[in-house]
Amino acid sequence: MTQDHIVLSPYEMPDRWYNILPDLPRPLPPPMDPKSGPSRMEMLPQVFSGKVLEHEMCTDRYVKIPKEVRELYIQAGRPRPLIRARRLEKKLNTPAKMYYKAEFYSPTGSHKVNTAIPQAYFAKQQGLERMTTETGAGQWGTALAYACSLVGIDITVYWVRAASSWKLGRRNFMQMYGAEVYDSPSDRTEIGQRLLQEDPNHEGSLGIAISEALEDAVSDEKAVYSLGSVLNHVLLHQTIIGLETKKQFEIAEDHPDIVISCLGGGSNFGGLAIPFAGDMINNGNDTKFIAAQSEAAPNLNGTYEYDFGDYAEQTPLLKMYTLGHQCVMPSIKADGLRYHGAAPIISALRNEGLVDTIIYPRDEEYVFKRAEMFVQREGFLPAPESAYSIAAAIDEARGCRDRNEEKTIVFNVSGHGFMDMDGYRDILGLGQSNSSAST
Ligand SMILES: *Cc1c(COP(=O)(O)O)cnc(C)c1O
């Protein structure tokens, strides 16, 4: 019998996160204040919990995962399986070996619980009473609402109107966890009021929702803000994905030549890739890293420069590959991939030539067809964002077939798509009943 699911027991779950900062070829350019206006750096302690700031600046190679957080990870179903995609390999007739990490087993539907849990836990530890955040596709808001309900702390979510207006199920899911959810721009903040005055039906953007959540947190000393991607501490927490995967490859007696995931802000890509990238830097083995992106937001092909993280310029400047913080990006079904900048850590790795990208067309048909192939062969319904990771893995495996190369590919399936069927229906033209199904 072949063993295609490589599982770890809770006892085998890594007990520390990996921090790549000390292993980067060059020091990471630090966050900075802009030349004019109030200091954003001085605002940070008001906005983030102490532990989160400590993790953001940390230069230790390993950071211990508190026992309580480990227990919550186990509650959330960690460790997660690494699965050999044997049926997909067969369909593609490729000599490549394909493995995928099953982050779709998350209770809320995405890898984002990996940082939501420690962030909520640290806020509660510090005696805070409420967290504020933004969400785009809705996955981050749900993950943080879940984590807040587990640790017993309130949460306010500002949700980009372009997505909130048609995703009623996600809103209700967050509400079931006890979250207060507002469409963004909202009338609860100054920036929101200003934008609504200009346009009462303003569609919003992630950058605007971040501005609202920040403004809310700054004005309440018992509240703290939380971000679900981009920053160093988020990527640190997400390394649990790659650390588990490394152990699973030891069990499989294999090692990946190609590491793939989709990239919006960089947290699931970084989570999987960073432990392997650290190995490559320290041991010189030859691994290829590929970030799959949408033509709607190809931030890794932007310019490497200091830019704000939000629309209203309330955050410090971060050195990152960016399309510009007020860039208007067309809406896509994989809305979680639509952010103007890539995480500073991933940007630094890209600047060293260690991260490649593949950009898929914005109509999403190419990508979703490959998700369909994955569904038919492997049986799991991916999130629309994860479909990009799958498409890139399939394209690499086909390349291996054409060149007759026996490479090992690992890709992350960052979430499930059970709440995203409307998106698949639109793009794939799925019918209401068999008689009306498109051909
Ligand atoms: C948010 C999200 C992404 C994109 O964000 P990253 O920080 O780049 O990982 C990808 N997949 C899923 C399922 C998401 O929810």
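The values are calculated or read from the model by the stated rules, or taken from the named source; none is laboratory data. Predicted, not measured: the structure shown is a model, and the values here were computed from it. Here the Cβ positions follow ideal geometry from the backbone for every residue, glycine too, while neighbour counts run over all protein chains shown. These accessible areas exclude ligands, DNA and RNA; they are computed on the full protein's heavy atoms, side chains included. Shrake-Rupley method; radii C 1.70, N 1.55, O 1.52, S 1.80 Å.
Would you mention how many residues in the range 183-212 are out of contact with any His (no Cβ under 7 Å at 6 or more places or on another chain), over 22 Å from Gly264 (Cβ atoms), touching a residue at least 12 places away in the same chain (Cβ under 8 Å) and open to solvent by less than 90 Å² (accessible area, probe 1.4 Å)?
4
Identify, please: which residue in the range 215-271 is within 16 Å of the ligand (Cβ to nearest atom) and assigned to a strand (DSSP E or B) and is, among those, farthest from Ala387 (Cα to Cα)?
Val259
Take the residues in the range 379-409 that are surrounded by fewer than 22 Cβ atoms within 10 Å (Cβ to Cβ) and in contact with a strand residue (DSSP E or B) (Cβ under 8 Å, 6 or more places away or on another chain), then tell me which one is farthest from Gly423 (Cα to Cα).
If we take residues in the range 379-409 being surrounded by fewer than 22 Cβ atoms within 10 Å (Cβ to Cβ) and in contact with a strand residue (DSSP E or B) (Cβ under 8 Å, 6 or more places away or on another chain), then Glu406 is farthest from Gly423 (Cα to Cα).
Of all residues in the range 352-375, which are without any contact (Cβ under 8 Å) to a residue 24 or more places away in the chain and at negative phi? Give the derivation first.
Going residue by residue through the range 352-375, those that are without any contact (Cβ under 8 Å) to a residue 24 or more places away in the chain are 353, 375.
Hit for the range 352-375 is Val375, nothing else.
Only residues that are assigned to a loop (DSSP other than H, G, I, E, B), touching a helix residue (DSSP H, G or I) at 6+ places or on another chain (Cβ under 6 Å) and not hydroxyl-bearing (Ser, Thr, Tyr): list them for the range 25-59, please.
Leu28
Please identify the pairs in which a residue from the range 326-339 that is at positive phi has its Cβ atom under 8 Å from the Cβ atom of a residue that is part of a loop (DSSP other than H, G, I, E, B) and open to solvent by less than 40 Å² (accessible area, probe 1.4 Å), counting only partners at least 6 apart or on another chain.
none
Considering each of Tyr388, Tyr366, Tyr304, Tyr339 in turn, give the residue that is part of a strand (DSSP E or B) and outside the structural domain of His202 (by TED's automatic domain parsing).
Criteria check complete, one pass: Tyr304.
Kindly evaluate Pro95 against the criterion of being out of contact with any Pro (no Cβ under 7 Å at 6 or more places or on another chain) and either within 16 Å of the ligand (Cβ to nearest atom) or in a helix (DSSP H, G or I) (or both).
Spelling it out, it is not the case that Pro95 is out of contact with any Pro (no Cβ under 7 Å at 6 or more places or on another chain) and either within 16 Å of the ligand (Cβ to nearest atom) or in a helix (DSSP H, G or I) (or both).
Hey, among Glu12, Glu42, which residue is of a type in the set (Asp, Glu) and either open to solvent by less than 50 Å² (accessible area, probe 1.4 Å) or without any contact (Cβ under 8 Å) to a residue 60 or more places away in the chain (or both)?
Criteria check complete, one pass: Glu42.
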